[in-house]
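Scroll down for the structure; my scribbles are underneath it.
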Amino acid sequence: MSELLTKPYATMRVLDQFGIRAKKKYGQNFLIDEGIVNGIVEAAGVTKEDCVLEIGPGIGTMTQALSAAAGHVVAVEIDTSLEPVLAVTLDACPNVTVLFQDILKTDLSALCSRFNQGRPMKCVANLPYYITTPILLQLLKQKNCFDNITVMIQKEVAERICATQENREYGALSLAVQYYARPEAVLTVPPRCFIPRPGVDSQVLRLNAFTEPPVDADEEFMFAIIRAAFNQRRKTLANALSHGLSFEGRTFTREDVEKALSELSLDKAVRGEKLSLAQFAALSKALKVC
């Protein structure tokens, strides 16, 4: 099939030909805007030197564009009913390998070894809204597998990811992503760019992975503190952590938390939403030696 899928009529023809209806359980919305597709490929900085992991190729719209720009594309798709569709839409893309499996159960290091001689890949993904966070965190925790990660996600989630303690959207997700990467919003995508149209805007983020974490901390302990703080974000840190923090069998009293906050020159009535990533790292160090 030589026809590109970045036009509504081309996408509708394929959907009708194969009797495809978007599946809500997979969060399927098919992209039909050529400018957005090209903008995503450009934002990812894809060249012929790159091996690209694409998550959720759908009917192959983005895959076609990635194939033209990259050296090789590995597309991971959970919906096996799309196999005959992709066989047709990608028949002119010999540098694409499609794997029908769950990305959350995929060994990303093995993909790097198999398809890119162990070198980092680039990742491009149109992530389903309902499973954005677990996929993102899996990708970020495997930072040695990727040069960068470019994802299209719900705009509201993108705003949470990019937020700082100055924004009301700031929370545990903001801190988790910003520990692993520097997020950059590059494109806003309105509902008219999809079939069927979603009910909200989407946004494209480029995540530039850090080679080393931006703060020095015991990662597991720091994120245990962050989770406890934001699980009860209306409470002061002293209350939230004394009631909700347990790590390796140890709990912490209100006095422990207030002492650590005092050492950092923080008000004992401060809430977690007012602390930066660096301050959470410092708090984790102070609490660890209480």
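Summary table
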read-out: Unmet requirement for Cys51, which otherwise passes all of (1) open to solvent by 20 Å² or more (accessible area, probe 1.4 Å); (2) modelled with pLDDT of 90 or more; (3) hydrophobic (A, V, I, L, M, F, W, C); value: (1)
read-out: Count of residues meeting criterion [free of Cβ contacts under 8 Å to residues at least 12 places away in the same chain and over 22 Å from Leu187 (Cα atoms)] in the stretch 41-80; value: 0
read-out: Count of the stretch 233-254 residues which are out of contact with any helix residue (DSSP H, G or I) (no Cβ under 8 Å at 6 or more places or on another chain) and either surrounded by 18 or more Cβ atoms within 10 Å (Cβ to Cβ) or at pLDDT 95 or above (or both); value: 1
read-out: Of the criteria (1) surrounded by fewer than 17 Cβ atoms within 10 Å (Cβ to Cβ); (2) within 15 Å of Val204 (Cα to Cα); (3) not hydroxyl-bearing (Ser, Thr, Tyr), which one Val37 fails; value: (1)
read-out: Residue count, the stretch 199-229 (criterion: open to solvent by less than 30 Å² (accessible area, probe 1.4 Å), part of a loop (DSSP other than H, G, I, E, B) and over 15 Å from Leu277 (Cβ atoms)); value: 0
read-out: Failed condition for Ala87, given (1) over 21 Å from Gln203 (Cβ atoms); (2) of a type in the set (A, V, I, L, M); (3) touching a residue at least 24 places away in the same chain (Cβ under 8 Å); value: (3)
read-out: Some residue of the stretch 86-93 being of a type in the set (D, E, K, R) and within 30 Å of Pro213 (Cβ to Cβ); value: no
read-out: Pair list, Cβ < 6 Å and 6+ apart or interchain, from the stretch 264-290 residues that are farther than 17 Å from Phe230 by Cβ to residues that are surrounded by fewer than 17 Cβ atoms within 10 Å (Cβ to Cβ) and among the acidic types (Asp, Glu); value: Ala286/Glu263
read-out: Enumeration of residues in the stretch 50-81 that are closer than 21 Å to Tyr129 by Cβ and not in a loop (DSSP other than H, G, I, E, B); value: Leu53, Glu54, Ile55, Thr61, Met62, Thr63, Ala75, Val76, Glu77, Ser81
read-out: Criterion violated by Ala110 - all others in (1) assigned to a helix (DSSP H, G or I); (2) closer than 30 Å to Ala228 by Cβ; (3) open to solvent by 20 Å² or more (accessible area, probe 1.4 Å) satisfied; value: (2)
read-out: Hits in the stretch 82-97 - residues which are within 21 Å of Asn29 (Cβ to Cβ) and either assigned to a loop (DSSP other than H, G, I, E, B) or of a type in the set (S, T, N, Q) (or both); value: Thr89, Leu90
read-out: Search result, residues across the stretch 180-198 that are hydrophobic (A, V, I, L, M, F, W, C) and either within 15 Å of Val151 (Cα to Cα) or outside any strand (DSSP E or B) (or both); value: Ala181, Ala185, Val186, Leu187, Val189, Cys193
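Per-residue answers, yes or no, for (1) closer than 30 Å to Gly244 by Cα; (2) buried (at least 18 other Cβ atoms within 10 Å of the Cβ); (3) of a type in the set (Lys, Arg); (4) modelled with pLDDT of 95 or more:
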position: Val124; (1), (2), (3), (4): no, yes, no, yes
position: Ala176; (1), (2), (3), (4): yes, yes, no, yes
position: Phe194; (1), (2), (3), (4): no, yes, no, no
position: Arg197; (1), (2), (3), (4): no, no, yes, no
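The values are calculated or read from the model by the stated rules, or taken from the named source; none is laboratory data. The structure displayed is predicted, hence computed values, not measured ones. Note: ideal-geometry Cβ built from the backbone for every residue, glycine included; neighbour counts use all protein chains shown. We work out accessible area using only protein heavy atoms, side chains counted, and drop any ligands, DNA or RNA first. Shrake-Rupley method; radii C 1.70, N 1.55, O 1.52, S 1.80 Å.
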